[in-house]
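In what follows, a structure is listed as structure tokens, so that the remarks can point back to it.
Values in this text are rule-based calculations from the coordinates and carry no lab data. No experiment lies behind these values; they were computed from the predicted model shown. Using ideal geometry, Cβ is built from the backbone for each residue, glycine included, and neighbour counts are taken over all protein chains shown.
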Amino acid sequence: MRTMNKFLMGLLTTILVFSVVGCGAKKTGPVTIHILTMDQAGLKPAEIDQIARDFEAANPDIKVNMEYVGYDYVHDKIVTGMAATPPAYDAAMIDVIWPDEFIKNGYLLDVTSRVTADMKSGMFPASWNGVTRNGKIYGMPWLMDVKYFMYNKDMLQKAGISAPPKTWEDLVADATIIKQKGIAEFPIIWSWNQKEGVVCDFTALLFGNGGAFLDASGAPVFNNDKGVQILTWMKQTLDAGLSNPSSVSSDENAVEADFLAGKSAFAVNWLFQYSDSQDASKSQIVGQAAFAPMPVFAAGAAAGIVSASVDGSSSFAIMATTPYADQTWKFLTYLASNAVQTKYSAEMLPVWQSDFTGSALATLEAATPINPVTVPAFLAQFPYANERPTVPYYNEGSADLQLAIQQALTGVKSPKDALDAAAAAWVALAAK
Amino acid sequence: MPRRSSLSLRQQDARTAWLLVTPALVIILGVMLWPIVYTFILSFFNAPTGLNQVRTFIWLGNYIAMIKDPEFWDTIKRTLYFTIVSVVLEMAMGLGVAQLINSHPWGWKFLRFALIVPWAVPTIVNGAMWRWIYSADFGALNGLLMQFGLIKHYVPWLTFPNLAMPLVILADAWHTMPFVALILQAALAALPEELDEAAAVDGANAFQRFWSIRLPLLRPAILVALIARTVEAFRVFDIVYIITSGGPANSTLTITFFTYLNSFPWGKQGVGAALSFLISIFTISMALIFIRVLYRPEETQ
């Protein structure tokens, strides 16, 4: 019995030791890099997977493991992923509103020395804005996106409206006609749920009224009369039954679902809504969606504002603590390369400005059936993309603003009180 | 002469036992105990998220800041609202269903089996399902009410701050009621029938038999279900995260969701850690109160 015990103990100890040692053993062979990105807007997961497979074929010593989650979950996954050593992800998609926070946290690798002159001059200068701070570059541009104003041509025709509205006031008039004629019960659908989406819409409206988030000294001014006016306008469209009441709980996917089901005549959304609207497997309004410049308020137009939208670009950044910076940069370079981007330009327009000039433009427009429409729309709208504040406390500040907008829209607080409370919260955040 | 082991046979068995248990112990200590200890230590620091961030020791600073914060107390109030209504609903429904099963109607075995289905559905899936049911444009709730002629237009249920919380409570109660029902049904089945029959002979009606005889005897089982469900309900997170994300206008922002917001999106890990322990203080207090009020050791005999 004792011999049996000794043998058992010896065996157990051996197993224990080996399993502990085995946990930390490094694998030889191809390096696997883990990339996190969102599964909405830009390219579809199946397309990015294909790009990864093509890259692997050309680079047998690198394996690419892509992970896709909804946009709202990416930020937190990056934060928790960075708590591990090595980090859970070697690179991740960075929304245009995160670099300040992530640079302050030390998450992003400085890649200024890796960026070639070709890339700098070849890609749109605006695309580098999202990843450049204090002259240092922290990522590779990926998706240049802006919110577009889309409308249903057939519905407008039925209502006898000959042209899409140029001002938000005109929109209200048009929507009223459409509602009265029974063409759509709620002609306008927005993404006003208590998430970042509502701040995106708010940005477009705010700048379209000549307003701004912060003044030159960095103090919040979105609660001045320009801000209060647009929030009041938003509530009024809900009360009048012109904006769908479900907007208050809708995100951009819900907006798309509503628009593509033919239930609304006007929907503000990212580019993906248009490409999906032309897909018969998803859309009941194939051929009916059209772009128009994002309207502005009459006051904004009087002040010379042509159009105002919100920048929703994203880039890929390498995580500072990754052990595979070189391999990851190689993949990101491939991902952002001109060849790859032109191939998939139906879902996502390239960030290379050379694609938009001369004969390249013609090629780009001919690349897919919808490019003749989306490319001019992009060129017309992107110059008017406005930024949300580039402050490190933006995530928490945005939450305060989302709450304020929701309180005003649900009637819990008046627009002025709600925005004032949010502005006070921003002042407190900035002071920390 | 072979060296005799200096340990007795019993001690040798104990040593073997320790070796066998060590792997599991290492995992438990590593995965469960260490994070708790670390979170506790973290709660005394100002700890912004980040790789190069300086952590300053602020003793009870996080705790005091939270206790002084009106938003914290609003969140606690909301969480108590959720907990009380949800638990009362689950206990009442659970007791009713337990009583129903216990009376052995036709098909009662199938009912007891079917009861497991809502409980077996993962909380996230449950939340996603109910979000679709409540959907303004495509929801089953709207469809059903429209069919019965109770509403003329589809209603955007989740956009009303006053309605959102009751709806989330309903989704949670549907999911967790089976747990209560099964515990109580097992306890009911163990009750002696003679007491009931004796009471009937003495002239007690069905309600009196239930209220004065069965219910007091169920007290231990009710206590178990009550404590388990109250602690769980107070810490609700998944269902809020999926259905409403704390909205509209923070009307469904519960304390665990508030802790999550502080820790991850807002990067204030010290505050998040302090909140976690404050939640624990609340739940332990509630459990102790229940035990104090309801636990009668002599009744279990």
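Tabulated data for the structure shown
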{"quantity": "Pairwise label distance in nanometres, B:Phe110 with A:Asp76, each label 7 Å out on the Cα-Cβ vector", "calculated": "4.0 nm"}
{"quantity": "Chain lengthening between A:Asp279 and A:Asp54 when straightened (0.36 nm per residue, less Cα-Cα)", "calculated": "78.4 nm"}
{"quantity": "Percentage relative contact order, chain A, counting C-alpha pairs under 8 Å, at least six apart", "calculated": "23 percent"}
{"quantity": "DSSP bridge pairs, the protein assembly as shown: antiparallel proportion in percent, nearest 5", "calculated": "60 percent"}
{"quantity": "Relative contact order (percent, whole number), region A:232-311, Cα cutoff 8 Å, 6+ residue spacing", "calculated": "16 percent"}
{"quantity": "Over the protein assembly as shown, equivalent-ellipsoid semi-axes from the Cα gyration tensor in Å", "calculated": "50, 38, 25"}
{"quantity": "A:Gln180 versus A:Glu67: modelled label distance in nm, points set 7 Å from Cα along the beta carbon direction", "calculated": "5.5 nm"}
{"quantity": "Relative contact order (percent, whole number), chain B, Cα cutoff 8 Å, 6+ residue spacing", "calculated": "26 percent"}
{"quantity": "Derived scalar couplings ³J(HN,Hα) [region A:121-130; Karplus, 6.51 cos²θ - 1.76 cosθ + 1.60; whole Hz; x for Gly, Pro]", "calculated": "7, x, 8, 3, x, 4, 6, 7, 4, x"}
{"quantity": "FRET E, pair B:Glu71, B:Asn162, Förster distance 30 Å, beta-carbon r, rounded to 0.05", "calculated": "0.95"}
{"quantity": "Set of lysines near B:Lys68 by C-alpha distance (under 18 Å), chain-local residues within fewer than 8 positions excluded", "calculated": "A:Lys432, B:Lys77, B:Lys268"}
{"quantity": "Chain B: DSSP helices with Cα axial extent of at least 30 Å and average Kyte-Doolittle hydropathy no lower than -1.0", "calculated": "B:70-102, B:161-189, B:269-294"}
{"quantity": "Crossing angle, helix A:71-81 versus chain A [Cα axis fit, 0-90 degrees, rounded to tens]", "calculated": "30 degrees"}
{"quantity": "Diffusion coefficient, µm² s⁻¹, Stokes-Einstein with Kirkwood Rh over alpha-carbon pairs of chain A at 37 °C and 0.692 mPa s", "calculated": "140 µm²/s"}
{"quantity": "Neighbour-count order for A:Ser264, A:Ser313, fewest beta carbons within 10 angstrom listed first", "calculated": "A:Ser313, A:Ser264"}
{"quantity": "Degrees, to the nearest 10: A:196-208 long Cα axis against longest axis of chain A", "calculated": "40 degrees"}
{"quantity": "Spin-label pair A:Glu47/B:Leu19, simplified geometry with 7 Å Cα→Cβ offset, distance in nm", "calculated": "6.0 nm"}
{"quantity": "Per-pair calculated FRET efficiency, R0 = 35 Å: A:Asp100 and B:Ile284 via Cβ, rounded to 0.05", "calculated": "0.30"}
{"quantity": "Of A:Lys179/A:Lys235; A:Lys226/A:Lys416; A:Lys147/A:Lys263; A:Lys153/A:Lys179; A:Lys195/A:Lys330, pairs whose Cα-Cα distance is over 22 Å", "calculated": "A:Lys195/A:Lys330"}
{"quantity": "Residues with amide H under 5 Å from that of A:Phe149, placed H, sequence gap 5 or more", "calculated": "A:Ala292, A:Met294"}
{"quantity": "Helix A:394-409 vs. chain A, principal-axis angle (Cα, 0 to 90°, nearest 10)", "calculated": "40 degrees"}
{"quantity": "For A:Ile94, A:Ile137, A:Ile15, B:Ile227, order by how many other beta-carbon atoms lie within 10 Å, fewest first", "calculated": "A:Ile15, B:Ile227, A:Ile137, A:Ile94"}
{"quantity": "Fraction of antiparallel bridges per DSSP, chain A only, in percent to nearest 5", "calculated": "60 percent"}
{"quantity": "Net lengthening on full extension, A:Leu8/A:Ala302 (0.36 nm per residue, minus Cα-Cα)", "calculated": "97.1 nm"}
{"quantity": "Unit charges at the beta carbon, dipole of the protein assembly as shown: most positive-side option, A:Ala265, B:Gly149, B:Thr123", "calculated": "B:Thr123"}
{"quantity": "Centre separation in Å (Cα based) which lies between region A:371-417 and region B:131-207", "calculated": "40 Å"}
{"quantity": "Computed E for B:Ala198/B:Leu100 - FRET, C-beta separation, R0 25 angstrom, nearest 0.05", "calculated": "0.60"}
{"quantity": "Nearby aspartates and glutamates by direct alpha-carbon distance to A:Lys6 (threshold 20 angstrom, same-chain neighbours under 8 apart not counted)", "calculated": "B:Asp13"}
{"quantity": "Exposure proxy ranking, count of Cβ atoms within 10 Å, fewest first, for A:Asp276, A:Asp420", "calculated": "A:Asp420, A:Asp276"}
{"quantity": "Unit Cα scatterers, Debye sum, region B:67-300: log10 I(q)/I(0) for q = 0.09 Å⁻¹", "calculated": "-0.48"}
